[in-house]
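The values are calculated or read from the model by the stated rules, or taken from the named source; none is laboratory data. Computed from a prediction, not measured in an experiment: that's the story for all the values here. Heads up, the Cβs are rebuilt from the backbone with ideal geometry, glycines too, and the neighbour counts pull from every protein chain shown. Side chains included, ligands, DNA and RNA excluded: accessible areas come from the protein's heavy atoms. Shrake-Rupley method; radii C 1.70, N 1.55, O 1.52, S 1.80 Å.
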Amino acid sequence: CRKSLPSYQQLRQRLHARFGPQSFEVLAINANLHAREGRAFVKSLALDYPLLRKDTGATQRAFNPMAMPTAFPISPQGHIEFYYTGFSGIHTEKREQALIKRLTQSSSS
């Protein structure tokens, strides 16, 4: 998470600059820390996207992540388009290319 969350922050900034702030959003789900610890963690990384917390386990059951971190790009209609498990710089570039392709197709429709 210490590597992936700042990377998603940078991705969010690049996509907002290119496609506008309504085109793409990053949401982090705090699955392991207490709410106060999660907020402190996000603040220490200077993230400005929303941090969600579900103590009930409903979020984990709904998305069923196989590993941490897991990313779920969600369409404007609310559908999970695909998911990525784990984190590496190479995969981040491929994720960004896939998102740019989707956003370019969406903006031309």
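A few notes on this one:
- Of the helices (runs of 4 or more DSSP H) lying entirely inside the stretch 1-65, the ones with 2 or more residues being modelled with pLDDT under 85 and open to solvent by 50 Å² or more (accessible area, probe 1.4 Å) are found at 35-44, 58-63.
- Residue within the stretch 87-107 that is closer than 13 Å to Ser23 by Cβ, assigned to a loop (DSSP other than H, G, I, E, B), open to solvent by 80 Å² or more (accessible area, probe 1.4 Å) and modelled with pLDDT under 75 present: no
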